[in-house]
Every structure is written in C-alpha cells, then in structure tokens.
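Notes follow once the structure below has been shown.
The values are calculated or read from the model by the stated rules, or taken from the named source; none is laboratory data. Fair warning: this is a prediction, and the values are worked out from it, not measured in the lab. As a convention, Cβ positions derive from the backbone with ideal geometry for all residues, glycine included, and neighbour counts pool all protein chains shown. Ligands, DNA and RNA are stripped out before the accessible areas are found, and what is left, the full protein with its side chains, is counted by its heavy atoms. Shrake-Rupley method; radii C 1.70, N 1.55, O 1.52, S 1.80 Å.
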Amino acid sequence: MGLLDLMANMAKYIPSVEKPKRRPSLYERLLWTALALIVYIVMANTPLYGISMTGQGPRLLLVEIIFASRRGTLMELGIGPIVTAGLIMQILVGAKLINLDLSKPEDRRKFTAAQKTFAILLAAFEASMFALACRYWSLTGPNPFLYCSATVTQRVLVAVQLFLATYIVILLDEMIQKGWGIGSGVSLFILAGVSQRILWSLFSPITVDGEPIGFIPYLAVAISTGRLDRIIIRPAGRGDLVGLIVTLAIIFVLVYLQGMRVEIPITSPRLRSIKTKIPLQFLYVANIPVLLVGILYSDILVFASLLRTYVGAGGIADFLATYKDNRLVGGLAYYLSPPGGLLYTLIDPIKAIVYALSVIGLSILFGLMWVEVAGLNASAQAEQLVKSGLEIPGIRRNPKILERLLAKYITPLTILSSIIVALVAVTADLLGAYGTGMGLLLAVGIVQQYYTMIAYERSLEAYPALKRLIGE
C-alpha cells in the first residue's frame with residue numbers, strides 16, 4: 001500500500017459530511033451557504049483564549065488575504081492548510097508523480113480523500129508550530145521553546161483551538177462542495193475576507209493617531225475641518241481617495257477583461273453546414289498565476305516570521321526577515337510584501353520595483369506551469385477536439401497539426417493573460433487599492449463564478465426538463 005492509499009484510507013476514519021439524500025433547492029443551498037459564512041465570520045472575530053498579542057512578528061496582510069485568516073483569532077490558519085494541500089496534490093498529479101486519472105470517479109474519490117487527510121495533517125503541524133514558536137506571547141530568552149512567557153498548558157490550549165477551528169473550516173468547505181451549499185468554502189471565505197477589508201477601509205470609525213481608518217468617516221472629518229487635501233493620500237491601512245478610485249477602476253477593468261473571448265472557428269465533418277466557434281477566454285489562466293504567487297509569498301512570509309523567532313538575529317534569518325517597530329523593514333520578506341499604497345511606493349520605489357518585477361515574472365512562470373498541469377495546453381485541447389468529432393475548417397483532423405495551430409493561440413494567451421493579471425494586481429498594490437490587488441482579483445472572479453452558478457441553478461429550477469437532459 002502506497003502513501004496515497006494510506007492517506008485515502010485514513011480519511012474513512014475521520015468524521016466527515018454526508019452528501020444530501022436529495023438535491024436541496026436553491027434557497028436551501030443558499031441558506032446552508034449563508035450559515036457556513038456566518039460560522040466563519042464568528043470564528044474570524046473570536047480571539048484565541050489564553051494569548052497575549054504582545055507576541056512576536058508583524059501582522060501579514062497578504063497572508064490574511066490569500067488564506068482568509070486573521071491574526072490572534074480562531075481563524076489564524078484560515079484556509080491555509082486546505083489551499084496548500086490542494087495545490088501540492090494538484091502539482092503532483094499534473095507532473096505525473098502521482099499516478100491518478102481525475103476523470104475516473106474512483107481516482108477522483110481517492111484524490112479527494114487523500115487531500116483531506118493531508119490538509120488535516122498540515123493543520124495539526126501548523127497549529128503546533130505556531131504555539132511552539134511562542135507567536136502570541138513575549139520571549140524571555142533566545143529560544144522560543146524554553147524561554148516563552150506562556151505556560152505549557154496555555155500553549156497546548158492554543159494549539160488545540162487552532163486545530164479544531166481549522167478542522168471546522170475543512171468540514172464547512174466539504175459541506176458546501178458536497179451539495180449542501182453553492183460553490184466552495186475556500187472561495188466563499190476568501191470573498192468574505194476581502195469584502196471585510198474593503199468595508200473596513202471605507203467605513204471603519206476606529207481612530208489611529210486621532211484619525212478614523214475608514215475613508216467615509218475621515219472624509220466627514222476633513223470636510224468639517226476644511227482639510228480636503230489630506231484625503232487624497234494617507235498611510236497604509238487607511239482609506240484614501242486614490243485607493244477608492246483605483247479600487248473601482250480595477251473592478252471595472254477585471255469585469256471587462258473577463259468578458260473578452262478569442263474565438264476559433266470549428267465545424268463537424270458530418271454536418272459541414274453547421275459551423276460554430278471555440279471561445280477561449282482572453283484571460284486564459286484567469287487569476288490562477290497571481291493566486292499561486294500569493295500562496296508562495298504567503299508561505300515565505302510565514303516561514304520568515306517563524307524562522308526569525310527560532311533562529312534569532314544573524315545570517316539567513318536577517319536575510320529572510322528583519323523586524324523593527326513590529327513591521328517588516330528589511331530582508332527578502334520585506335521586498336515580497338505589497339507596498340501598501342501610493343505613499344509607501346513613493347517613499348521606497350526600489351521595493352515597489354522589486355515587488356512588481358517579481359510578481360510579473362513569477363506569474364508568467366506559474367501561468368505556463370498551470371496550463372500544463374491543468375490540461376489546458378494545446379496538446380490536450382487538440383486531443384479533446386479530435387475526440388469530440390470536431391475539426392477546424394481547412395485543417396486535417398491530425399492532432400499534431402491541430403496542436404500547432406492551437407499553440408499559436410494558447411501560448412500567447414497564456415503569457416499575455418498572466419502579464420495582465422499580474423499588472424492589475426501590482427498596480428492595485430502600488431496605488432493602495434482597498435483589499436489589495438490579489439484580493440480584488442480573487443474577489444471579482446469569485447463573484448462572477450457565484451453569479452454563473454446561481455443563474456444555472458435558477459434555470460434548472462425554472463425548467464425541470466433540463467435536469468433530465470443533462471443528467472442532474
């Protein structure tokens with residue numbers, strides 16, 4: 001028995017959510033989805049019991065956006081274990097290091113079970129490391145294992161809270177994906193996290209240095225004091241006019257770009273009179289490259305934070321992360337974190353340039369990699385076209401010839417779309433868009449997915465004959 005089979009078998013003994021015996025109505029599924037969202041929001045605003053937030057390390061906004069987490073709460077780990085486990089498993093399958101055919105139900109079941117076990121193991125490991133690293137307490141010496149202000153009982157209690165909360169998130173995601181809700185819990189929680197950030201930047205009345213964080217409350221204060229010039233640019237984390245304009249512009253651009261298509265004419269050899277087109281999305285890889293960059297950067301930032309605690313000052317620890325006034329101010333982690341707004345972009349243009357170039361370069365690399373791993377390359381598309389009995393007018397039904405023709409569309413689309421989504425994300429980060437550039441990319445894509453899914457469900461309920469036609 002291999003490791004994959006062992007992990008799949010372990011999932012049988014882990015409590016899970018059963019599929020509904022009958023297909024719930026749209027409103028029932030919306031209700032369960034809303035219930036899962038409420039549970040997540042409650043946990044994201046429930047502080048961990050037994051912690052002191054004078055502990056080590058900065059608050060990593062990028063990590064919180066990508067992993068739908070919030071420091072110091074039950075959602076400290078967020079969807080990190082789920083996303084990381086899924087990404088690693090997908091790459092291993094796509095690279096043929098794991099011999100599974102996800103088009104077969106049995107292999108897909110084994111993959112899902114093993115991924116769940118892997119996510120739970122990652123959750124247990126991360127929860128233990130966060131507690132052992134003395135993340136939530138102050139250090140009384142150089143070694144976080146031995147010189148932590150917290151007792152052993154406190155650290156065990158925090159680790160258990162983190163693990164149980166993450167396990168609940170795994171069950172919520174499983175519940176939604178098995179048909180009780182709509183979409184996936186991962187997407188839902190990311191959307192909730194980004195939405196909260198945007199609303200916080202717009203309406204938060206909480207004051208810092210005597211100024212409200214939210215743009216609307218600050219605008220009211222600026223009008224009453226006659227200092228409207230100060231609403232244009234503000235420090236990172238506080239809503240300003242530039243950030244609001246950029247946020248609205250980015251949303252409009254993303255909606256427009258995601259509606260664009262590149263069409264390839266095709267026909268059937270038996271029905272020559274009937275012609276149609278294959279619509280390829282202009283953003284062929286969607287937001288996947290930026291999402292993968294965000295996951296990579298988030299893991300690096302978390303690793304840098306823990307390494308700084310364990311290793312202390314000097315050597316690689318200083319290279320990866322240097323802290324001052326509870327902020328990232330140097331090292332690799334500093335240059336991989338978003339600038340946070342126009343003000344900080346102008347203060348440190350070198351960081352902005354390094355961050356922009358690294359995101360764009362890695363997005364192209366991840367875009368090309370994902371097309372190969374996900375079976376979206378020219379070879380896979382040509383093979384699928386031949387199997388479906390379709391052909392391109394004037395081109396012989398030879399997979400190699402079709403592959404060369406499709407490559408003229410797919411390869412440039414992959415590179416161009418990777419550059420475009422990276423530029424959108426980087427521009428939003430450099431100018432201080434609400435919710436960060438990566439957050440906006442993910443949120444807009446998720447909203448459009450939910451709109452499509454809800455429209456599909458409503459069509460099935462309005463026309464029951466469609467269910468029999470499509471085998472629902």
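In this structure Ser358 has an accessible area near 30 Å², from a 1.4 Å probe over the protein heavy atoms. With R₀ set to 35 Å, the beta-carbon distance separating Trp200 from Leu346 gives a calculated FRET efficiency near 0.90. Assuming R0 = 60 Å, can you tell me the calculated FRET efficiency for the pair Asn143 and Glu263, based on Cβ-Cβ distance, to the nearest 0.05? The pair Asn143/Glu263 has a calculated efficiency of 0.45. Other residues lying with their Cβ under 12 Å from the Cβ of Lys110 contribute a combined charge of +1, Lys and Arg counting +1, Asp and Glu -1. At full extension, Ser16 and Ile232 could sit 72.7 nm farther apart than now, given 0.36 nm per residue minus the alpha carbon distance. Full extension of the chain between Thr112 and Lys178 yields a length gain of 22.6 nm, computed as 0.36 nm times the residue separation minus the alpha carbon distance. Beyond 30 Å in Cα-Cα separation lie the following of the pairs Lys116/Lys351; Lys178/Lys400; Lys96/Lys116: Lys116/Lys351; Lys178/Lys400.
Label-to-label distance for Tyr450 and Val253 is 2.4 nm, based on points extended 7 Å past Cα in the beta-carbon direction. With the whole protein complex present, Asp101 retains an accessible surface near 60 Å², based on a 1.4 Å probe. Once both labels are positioned 7 Å from their Cα atoms along Cα-to-Cβ, the gap between Glu372 and Ser128 label points is 3.5 nm. With a cut-off of 8 Å between alpha carbons and a minimum separation of six or more residues, what is the relative contact order of segment 57-188 in percent? For segment 57-188, the relative contact order is 23 percent. Gain on full extension, evaluated as 0.36 nm per residue between Leu92 and Asn45 minus their Cα-Cα distance, stands at 13.4 nm. Applying 1/(1 + (r/R0)^6) with r as the Cβ-Cβ distance of Thr225 and Leu31 and R0 = 56 angstrom yields a FRET efficiency of 0.75.
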